[in-house]
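Taking it in order: structure first as C-alpha cells, then the write-up.
Values in this text are rule-based calculations from the coordinates and carry no lab data. Predicted model, so just to flag it, every value in this text is computed and none were measured. Positions of Cβ are backbone-derived with ideal geometry, glycine not excepted, and every protein chain shown enters the neighbour counts.
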Amino acid sequence: MKLVTTPIEIQAYAHDYRAKGATIGLVPTMGWFHEGHLSLMRKAGTMTDKLIVSLFVNPMQFGPSEDLDKYPYDLDRDCRLAEEVGVDLLYAAEKAVMYPEEFATTVHVKGLTSGLCGGSRPGHFDGVTTVVAKLFNQTLPHIAVFGEKDFQQLAVIRKMVTDLDFPVEIIAHPIVREESGLAMSSRNTYLQDDEMAAALSLSKGIALAKDLVKSDRNVTVKLVIDGVSRNILSHRECEIDYVEIVDKTTLRPCTQITTASVLVLAVKINKRIRLIDNSLMIEG
Ligand code: PAF
C-alpha cells in the first residue's frame, strides 16, 4: 500500500490506473477505522481493480462548537488496518492542500439538506458535498462506497452525483453493528461505560419501532415516534435531536408507514456525543 498526500500525486496515480484499463473504487473516510469502514473497503475491493481510501478529517463539515479538535486520529494505526484489507492507495491529504487559503468554492445541494442533520448542523452537508466532489475529481473513481448509517449523507451525495453528472456509481453498504446493536461509528470511542445503555437506546428504539409495525401494519407514525422517543428519554443522559419517519428517497416526513419509510434518529448523549442511526421500518 502507498500513502499519498497531495491531490497532484493521487490524480497521477488515478490517471495511470485508468490508462491501464483498471477500475478504481473509492471509500471516503475521516479515519479512525472500525469494522464499518473496513467492510466498505472490502466491498469496494471486490468490485474494482484498484482501491483508494481517502482519510481526511474535513474541517468544512464541522460546526464551530463541534468535535473537530478532538476527532480521533491515528495515521499509523489506520495505515496498518488499510493495508490488511488490501487498500492500494491511502490518500491522507493535509488541510492546507485540500483547502488552500484562496479556496472559494462550495457545493450546495438544496432541499435534501435542509432537515434532519442539516437542520441541527447548518453547513454540514455543504462541507460534505464540497469535499466529496473534490475527492471524486482527485481520485477519478468508477465507484464510491458509502455507509448507510449516514443515511441523509448518502441521499445528498447521490443527488449531487446526478445533478453534476459525476461519472461515479454510488454504492451503499448496510450499517455494521456491534453485537450489542450499537451502530459502529468513530464517535463511539467517546462513550464511557456508564453511557452505553443510553447509546443503545437508538438501536433499541429501532427494534421497538419495528415490533410496533410488525404487530400492527396500520400503526400511526405518531404512535411509533412517541414510543421510540419515550424510550430514549427514559435515559437521563439522552437529548433527542430528531426522531422521524421519512421517505427513503425524498427524506420528507411520512404520513403513513410503507416499505419506503425509514426511521431516522439523532441523539446527544450527555451533551457531548451525537449519535445517529436509522432503519427501514419494513425490511425486504
Ligand atoms: O462519512 C464520512 O466519514 C464523511 O462525511 C466523508 C464522506 C468522508 C466526507 O468527509
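Determine the distance separating the Cα centre of region 218-284 from the Cα centre of region 56-98; give it in Å without decimals.
Region 218-284 and region 56-98 have Cα centres separated by 29 Å.
Measure nothing fancy, just the Cα-based angle from helix 201-215's long axis to the longest principal axis of the chain, in degrees from 0 to 90, nearest 10.
Orientation of helix 201-215: about 60 degrees from the principal axis.
List the residues of region 1-34 whose backbone N lies under 18 Å from a point placed 7 Å from the Cα of V97 along the Cα-to-Cβ direction.
Residues 1-17, 27-31 fall inside that zone.
Using a 10 Å cut-off around each Cβ, can you sort H34, H235, H108 from fewest to most neighbouring Cβ atoms?
With the sparsest Cβ surroundings first, the list reads H108, H34, H235.
How much length is gained if the chain between D247 and R158 is pulled fully straight, taking 0.36 nm per residue apart and subtracting their Cα-Cα distance, in nm to one decimal? The partial results should precede the final answer.
Values: separation 89, 0.36 × 89 = 32.04 nm, distance 1.51 nm.
Stretched out fully, the D247 to R158 stretch lengthens by 30.5 nm.
What's the exposure ranking of Y91, Y242, going from fewest to most Cβ atoms within 10 Å?
With the sparsest Cβ surroundings first, the list reads Y242, Y91.
Let me test this: with uniform point scatterers at the alpha carbons of region 77-156, what is the Debye-based log₁₀ I(q)/I(0) at q = 0.24 1/Å?
The Debye formula, applied to the Cα set alone, gives -1.24.
Evaluate the Kirkwood expression for the hydrodynamic radius of the chain, namely the inverse of the mean inverse distance over all pairs of different C-alpha atoms, and round to one decimal in Å.
Result for the chain, one decimal place: 19.7 Å.
Tell me which lysines have Cα within less than 19 Å of K2's Cα, excluding those fewer than 8 residues away on the same chain?
K20, K50
With each run of n ≥ 4 DSSP H residues scored as -39500 (n - 2.57), what mean residue ellipticity at 222 nm is computed for the chain after dividing by its residue count and rounding to the nearest 500 deg cm²/dmol?
Theoretical 222 nm ellipticity from helices: -11000 deg cm²/dmol.
Considering only lysines 8 or more places apart in sequence, or on different chains, count the pairs in region 133-284 whose C-alpha atoms sit under 26 Å apart.
Lysine pairs meeting both conditions in region 133-284 amount to 25.
Can you list the HN-Hα couplings for region 241-247, worked out from phi with the Karplus curve (6.51, -1.76, 1.60; θ = phi - 60°), rounded to whole Hz and with x for Gly and Pro?
For region 241-247, the Karplus curve yields 7, 7, 9, 9, 10, 10, 6 Hz.
Order by neighbour count: L3, L208, L90, L40, fewest other Cβ atoms within 10 Å first, most last.
Sorted ascending by nearby Cβ count, the order is L3, L208, L90, L40.
Run through the DSSP bridge list for the chain and note the antiparallel percent, rounded to the nearest 5.
Values: 19 of 38 bridges.
Once the DSSP bridges in the chain are tallied, antiparallel ones form about 50 percent.
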